[in-house]
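Just below is one structure, and these are the notes that go with it.
The values are calculated or read from the model by the stated rules, or taken from the named source; none is laboratory data. Keep in mind it's a predicted model, so treat the numbers as computed, not measured. Ideal geometry is used to build each Cβ from the backbone, glycine not excepted, and the neighbour counts take in all protein chains shown. Ligands, DNA and RNA are excluded from the accessible area calculation, which covers all protein heavy atoms including side chains. Shrake-Rupley method; radii C 1.70, N 1.55, O 1.52, S 1.80 Å.
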Amino acid sequence: MSRQDQIINEKKRKLIELGKSGVNPYPHKFDVKNYSNEIKEKYKKLKDNEKNKDKVKIAGRVMTKRNLGKLIFSTIQDGKGRIQIILQKGETSSESFNLFKKYIDAGDFVGCEGSIMKTRTGEVSVLVKKLKILTKSILPLPEKFHGLQDKEER
């Protein structure tokens, strides 16, 4: 069994588990209110480690995921760019935190509601309060280094 087959089987297993737990992995609707580039532009003047109480609602494809235990960093890409989302125990609802930690992989689409903050490294981010899975992808993302070489596949 190839590495890609193992990844696909693991994603299918997670999809079945989501269905059994009562979570719809393909909901019909999510109302997006904000986009990544607009958020970054509007809040670029925040100081490092500063939080803003403004509420945002954003959706996009998970490109990266870094789990640090009580803190999860992820990058999502929407139609206008990329933005970092942060899930933190105590700030994010436990249901959303556990959903993301256990079932979300790179390539899945998620919708997030939360507030804006700037990390200590100066990156404008969304501190997630609630998260909803919008689409569970089965196939892994294409390899980034070489890209898609086959014109037909692209």
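Details
- Test result for residue 82, among the basic types (Lys, Arg), more than 20 Å from residue 118 (Cα to Cα) and surrounded by 12 or more Cβ atoms within 10 Å (Cβ to Cβ): no
- Among the residues of segment 102-139, just one is in contact with a helix residue (DSSP H, G or I) (Cβ under 6 Å, 6 or more places away or on another chain) and without any contact (Cβ under 8 Å) to a residue 40 or more places away in the chain, namely 130.
- Note on segment 114-129: residues that are open to solvent by less than 20 Å² (accessible area, probe 1.4 Å) and outside any strand (DSSP E or B) total 1.
- Enumeration of residues in segment 93-113 that are assigned to a strand (DSSP E or B), open to solvent by less than 10 Å² (accessible area, probe 1.4 Å) and either more than 19 Å from residue 54 (Cα to Cα) or at pLDDT below 95 (or both): 110
- Segment 28-38: number of residues that are of a type outside the set (D, E, K, R), in a loop (DSSP other than H, G, I, E, B) and modelled with pLDDT of 90 or more: 4
- Failed item, numbered, when residue 41 is tested on (1) of a type outside the set (A, V, I, L, M); (2) open to solvent by 70 Å² or more (accessible area, probe 1.4 Å); (3) out of contact with any Pro (no Cβ under 8 Å at 6 or more places or on another chain); (4) at pLDDT below 90: (4)
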